[in-house]
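Step one of this worksheet: look at the structure below.
The values are calculated or read from the model by the stated rules, or taken from the named source; none is laboratory data. Just so it is clear, the model here is predicted, and its values are computed rather than measured. So basically every Cβ, Gly included, is an ideal-geometry build from the backbone, and we count neighbours across all protein chains shown. To get the accessible areas, we keep the full protein, side chains included, count just its heavy atoms, and leave off ligands, DNA and RNA. Shrake-Rupley method; radii C 1.70, N 1.55, O 1.52, S 1.80 Å.
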Amino acid sequence: MGNSAIKSHLETSQKTGVFQLTGKGLQEFPEELQKLTANLRTVDVSNNKIASLPPSIGNFLQMKSLTLNSNKLTSLPSELSKLRKLETLSVSGNLLQGLPSSLGQLRALRTLNLAGNQIREFPPGLGTLRMLDLLDLSKNHIRVVPAEIAALQAIEINLNQNQISEVCAEVSSCPRLKVLRLEENCLELTSIPIAILSQSQVSLLSLEGNLFQVKRMRELEGYEQYMERFTATKKKFS
């Protein structure tokens, strides 16, 4: 990728606050962007070959959206936590195994997309993200949904295509959770906590592709309460 091409993009970004350079074989996060730390709000460098982010990523204090899908990232720097205006962080299709604990300081974050990585455990410390609407952890290697999930403020949690065989009852305590996606995992019918059906706010529980037929959910205690929420939500949007 020639510097002249980056230069022309920089001139546009100076005016618009948006830098987009996807599928250009970039090996590293463009250093030249440091000249625009004062006004860059949106950066998308998806479909490149970026293996790491520099600590200087923390200088983009106006950044609202950072998209790094389909790169070669194995970790994220703790300096990301300085981006206090960041609303969208999307790093799907990388090689991440975990997150820095400081990520919980991104108080403005609404969307966190971690799909298609190498994550084996449900990331701890996300309960401080009070504005979080969507957490996407699909296509990872997670086996257990732990009790700490109760602190999460997300409206939707996507855990499709993991290796989950155990879901804690505490998930029913998530204060804003409406959509829980658990398709194509390793769940038995007995692994579904009754509390999700009878006591939670969840109005869409997606369970296709597990170790039981979805219609057998009708056998579970609390199924009727769940269906009342499901139907009410459907009516609202129809």
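Go through the range 182-238 and report how many residues are at pLDDT 95 or above and basic (Lys, Arg).
Residues in the range 182-238 being at pLDDT 95 or above and basic (Lys, Arg): 4 in total.
Which residue, of Glu121, Glu184, is in contact with a strand residue (DSSP E or B) (Cβ under 8 Å, 6 or more places away or on another chain), open to solvent by 30 Å² or more (accessible area, probe 1.4 Å) and in a loop (DSSP other than H, G, I, E, B)?
Working: Glu184 fails: in contact with a strand residue (DSSP E or B) (Cβ under 8 Å, 6 or more places away or on another chain).
Step by step, each of Glu121, Glu184 is checked, and only Glu121 is in contact with a strand residue (DSSP E or B) (Cβ under 8 Å, 6 or more places away or on another chain), open to solvent by 30 Å² or more (accessible area, probe 1.4 Å) and in a loop (DSSP other than H, G, I, E, B).
In the list Leu80, Leu89, which residue meets the criterion of being touching a Gly at 6+ places or on another chain (Cβ under 9 Å), open to solvent by less than 30 Å² (accessible area, probe 1.4 Å) and not in a loop (DSSP other than H, G, I, E, B)? Full working, then the answer.
Values: Leu89 fails: touching a Gly at 6+ places or on another chain (Cβ under 9 Å).
Exactly one residue qualifies, and that residue is Leu80.
Return the pair list, or none, for Cβ contacts closer than 6 Å from residues in the range 16-36 that are open to solvent by less than 50 Å² (accessible area, probe 1.4 Å) to residues that are at pLDDT 95 or above and not in a loop (DSSP other than H, G, I, E, B), at least 6 apart or on different chains.
Within 6 Å, the pairs are Phe19/Val43.
Taking the range 218-236, which residues are among the β-branched types (Val, Ile, Thr) and closer than 19 Å to Glu208 by Cα? Reasoning before the result, please.
Here is the first cut: in the range 218-236, the ones among the β-branched types (Val, Ile, Thr) are 231, 233.
Once the filter is applied, which keeps residues that are among the β-branched types (Val, Ile, Thr) and closer than 19 Å to Glu208 by Cα, the range 218-236 yields only Thr231.
Here's a check for you: in the range 200-238, which residue that is hydroxyl-bearing (Ser, Thr, Tyr) and without any contact (Cβ under 8 Å) to a residue 12 or more places away in the chain is nearest to Pro175 (Cα to Cα)?
Residues of the range 200-238 that are hydroxyl-bearing (Ser, Thr, Tyr), as a first pass: 200, 203, 206, 223, 226, 231, 233, 238.
With without any contact (Cβ under 8 Å) to a residue 12 or more places away in the chain added as a condition, the list becomes 231, 238.
Details: Thr231: 20, Ser238: 25 Å.
Filtering the range 200-238 for residues that are hydroxyl-bearing (Ser, Thr, Tyr) and without any contact (Cβ under 8 Å) to a residue 12 or more places away in the chain, the one nearest to Pro175 (Cα to Cα) comes out as Thr231.
Somewhere in the range 125-133, is a residue farther than 25 Å from Ser198 by Cβ, over 10 Å from the mean Cα position of the chain (by Cα), buried (at least 20 other Cβ atoms within 10 Å of the Cβ) and not small (Gly, Ala, Ser)?
So far as the range 125-133 goes, yes, one or more of its residues are farther than 25 Å from Ser198 by Cβ, over 10 Å from the mean Cα position of the chain (by Cα), buried (at least 20 other Cβ atoms within 10 Å of the Cβ) and not small (Gly, Ala, Ser).
Residues in the range 206-226: is at least one under 27 Å from Pro124 (Cβ atoms) and either assigned to a helix (DSSP H, G or I) or under 18 Å from the mean Cα position of the chain (by Cα) (or both)?
yes
So for the range 146-159 (the condition being among the aliphatic types (A, V, I, L, M), open to solvent by 70 Å² or more (accessible area, probe 1.4 Å), out of contact with any strand residue (DSSP E or B) (no Cβ under 7 Å at 6 or more places or on another chain) and at pLDDT 95 or above), does at least one residue qualify? Break it down stepwise before answering.
Of all residues in the range 146-159, those among the aliphatic types (A, V, I, L, M) come to 147, 149-152, 154-155, 157, 159.
With the extra rule that they be open to solvent by 70 Å² or more (accessible area, probe 1.4 Å), the set shrinks to none.
No - not one qualifying residue is present in the range 146-159.
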